[in-house]
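The values are calculated or read from the model by the stated rules, or taken from the named source; none is laboratory data. None of the values given here were measured: they were computed from a predicted structure. FYI the Cβ positions are ideal-geometry reconstructions off the backbone, even for glycines, and counts take in every protein chain you see. Areas reflect the complete protein model, heavy atoms only, side chains present, ligands, DNA and RNA absent. Shrake-Rupley method; radii C 1.70, N 1.55, O 1.52, S 1.80 Å.
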Amino acid sequence: VRFTAANATYPVCVPFRFTLMTGEYAHSRLVPAIEWAMSPAERTLADEFNACDYETVYIGKWHLDGGHGRMGSAKQCGMTPVRRAQQGRWKKWFGFELRNDPFDTYYFEDEDPMPRKIEGYQTDGLYDLGMDYLANRWNRQHPFCMCISVEPPHPPLIAPPDLQQAWEARALHLPPNFEAFDEKSRAQSIKKRQIYHAMVENLDINVGRILGFLEMQGLADHTVVMLTSDHGELGGAHGLHSKQWPYEESVGIPLIVRDPGIPPARRGTTVDDPVCTEDLFPTLLGLAGLAPRNPLPGRDLTPLMHGKQEKLDREGVLLQLVAEHRKGFPFYEEVWRGLRTRRYKYTVKGDKFGGKPWQFFDLDQDPFERENLIDHPEAKTEIVRHHGLLAKLVRETQDPFVLLPAFDHEGVNLWETT
């Protein structure tokens, strides 16, 4: 089953990983875009599966140990082990904080401080680690939960040479919102997109490898596989690169689930309900027939996939950028919030003193978000309605974002006492 409107609530790697590991909104801990360490006191996805006697295995990039204070040098950071207490209690660990260069990656096993080099391309090596563990080290008396966290596609944009050369030789079909300042920047943006596609194809190949491995090991009929990402890539859309923005290319992510329990009539179907990062934690548990110990804000999407529920009991999902402390990056000392419903996307933007209406897009009529309708009279009714829905979500989720009064709606400021 493929979700066509899956969203990274907070489209940056650190806050996404926090929510994936805990199920909580990043704003509940004031998680900034980067340089942040998750508390060992958090109840994690591994804790839930450990409590049910699963063998839990984490492989790859973690990026929840504060960057070790060395974000200026991903190479140096990648040579420092994540402390055992900071590993989220995954029973088996083949991880690293971050490294970025896919041809120069080291990982650490459990609490061993000795870095181990991945020969070749990172994605290939991390998938090799996962398959080797299941083939030779996994205790088959226990079910397993394994997370393989790869950096590609991520800057620096480098793909295996054969794929990179093939994609650099291909003409790309560019979206209508692709923009460039001049011919030089246009050529640079196109080359970045070509290499990005090559990196994604390498990931596709590895997903195919592990699905084939599960078949050969006799595990395919008993194993759920989920593919998703922590954010998208603008790739020249709206003249922008990277993530952080509320545009579809940034917040929109893949979410594809292969579950042997899905009824045959539902296989290959798509779900158009907007879903978000907070849904992943309860869904991963739900797919295993489990439920989180503590109340969480996300929805278990298993009933949607299995055809037991037609639509979710909500109109849309929250989008956000809580804090960016790096000078020179988008939204430095700015914040934004948004609401993504099935047809529309509404966003507000501001500073610490409050957010004001910013963008409104009709995604049915304008899927590439080229016409901001925020000042269009014909869109006023839906804009007002979406502002009210967003204000309700800010209150319900205890979001510390200050939403200024607009369209006859009162403001929301949870910092104020009553």
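Descriptive notes on the structure:
- So residue 333, is it surrounded by fewer than 16 Cβ atoms within 10 Å (Cβ to Cβ), in contact (Cβ under 8 Å) with a residue 12 or more places away in the chain, on the phi > 0 side of the Ramachandran plot and touching a strand residue (DSSP E or B) at 6+ places or on another chain (Cβ under 7 Å): yes
Yes/no per residue for (1) closer than 28 Å to residue 48 by Cα; (2) small (Gly, Ala, Ser); (3) part of a strand (DSSP E or B); (4) without any contact (Cβ under 8 Å) to a residue 12 or more places away in the chain:
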site: 102; (1), (2), (3), (4): no, no, no, no
site: 113; (1), (2), (3), (4): yes, no, no, no
site: 119; (1), (2), (3), (4): no, no, no, yes
site: 123; (1), (2), (3), (4): yes, no, no, no
site: 140; (1), (2), (3), (4): yes, no, no, yes
site: 167; (1), (2), (3), (4): no, no, no, no
site: 191; (1), (2), (3), (4): no, no, no, no
site: 198; (1), (2), (3), (4): no, yes, no, no
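- Residues satisfying the stated conditions in the stretch 175-206, i.e. of a type in the set (Ser, Thr, Tyr) and within 21 Å of residue 248 (Cα to Cα): 189, 196
- Filter result for residue 345 (out of contact with any Asp or Glu (no Cβ under 9 Å at 6 or more places or on another chain), basic (Lys, Arg) and either on the phi < 0 side of the Ramachandran plot or without any contact (Cβ under 8 Å) to a residue 12 or more places away in the chain (or both)): no
- Whichever residue in the stretch 221-277 is of a type in the set (D, E, K, R) and assigned to a helix (DSSP H, G or I) and, among such residues, is nearest to residue 208 (Cα to Cα): 221
- Residues that are over 23 Å from the mean Cα position of the chain (by Cα) and of a type in the set (A, V, I, L, M, F, W, C) within the stretch 104-137 comprise 108, 114, 118, 131, 134, 135, listed in sequence order.
- Any chance residue 283 is at pLDDT 95 or above, within 17 Å of the chain's Cα centre (by Cα), among the hydroxyl-bearing types (Ser, Thr, Tyr) and farther than 29 Å from residue 404 by Cβ: yes
- Boolean, residue 400 is in contact with a Leu (Cβ under 7 Å, 6 or more places away or on another chain) and assigned to a loop (DSSP other than H, G, I, E, B): yes
- Residue under evaluation residue 23, criteria (1) buried (at least 20 other Cβ atoms within 10 Å of the Cβ); (2) more than 25 Å from residue 261 (Cα to Cα); (3) out of contact with any strand residue (DSSP E or B) (no Cβ under 9 Å at 6 or more places or on another chain); (4) not hydrophobic (A, V, I, L, M, F, W, C), criterion not met: (2)
- In this entry, residue 67 passes the filter for residues that are in contact with a Cys (Cβ under 9 Å, 6 or more places away or on another chain) and without any contact (Cβ under 8 Å) to a residue 60 or more places away in the chain.
- Breaking point among (1) part of a loop (DSSP other than H, G, I, E, B); (2) more than 30 Å from residue 83 (Cβ to Cβ); (3) in contact (Cβ under 8 Å) with a residue 24 or more places away in the chain, for residue 171: (3)
- Cβ pairs under 9 Å, 6+ apart, first in the stretch 280-307 and closer than 23 Å to residue 10 by Cα, second surrounded by fewer than 19 Cβ atoms within 10 Å (Cβ to Cβ) and small (Gly, Ala, Ser): 282/291; 285/291; 297/28; 300/291; 302/261; 302/289
- With respect to the conditions (1) open to solvent by 30 Å² or more (accessible area, probe 1.4 Å); (2) out of contact with any helix residue (DSSP H, G or I) (no Cβ under 7 Å at 6 or more places or on another chain); (3) not basic (Lys, Arg), residue 197 falls short on a single one, namely (2).
- Contact map, the stretch 37-60: first residue aromatic (Phe, Trp, Tyr), second residue not in a loop (DSSP other than H, G, I, E, B), Cβ cut-off under 6 Å, separation 6 or more or different chains; pairs are 49/56; 49/145; 54/145; 58/93; 58/95; 58/147.
- When the residues of the stretch 53-74 are filtered to those that are open to solvent by less than 60 Å² (accessible area, probe 1.4 Å) and in a loop (DSSP other than H, G, I, E, B), the one that is farthest from residue 24 (Cα to Cα) is 73.
- Assessment of the stretch 239-260 against the conditions (of a type in the set (A, V, I, L, M) and modelled with pLDDT under 95) yields no matching residue.
- Checking residue 77 against (1) in contact with a helix residue (DSSP H, G or I) (Cβ under 8 Å, 6 or more places away or on another chain); (2) at pLDDT 95 or above; (3) open to solvent by less than 30 Å² (accessible area, probe 1.4 Å), the condition it does not meet: (2)
- Pairs with Cβ under 9 Å, 6+ apart, first in the stretch 83-100 and open to solvent by 20 Å² or more (accessible area, probe 1.4 Å), second among the charged types (D, E, K, R) and assigned to a helix (DSSP H, G or I): 89/47; 100/75
- Selection status of residue 319, closer than 23 Å to residue 42 by Cβ and assigned to a strand (DSSP E or B): yes
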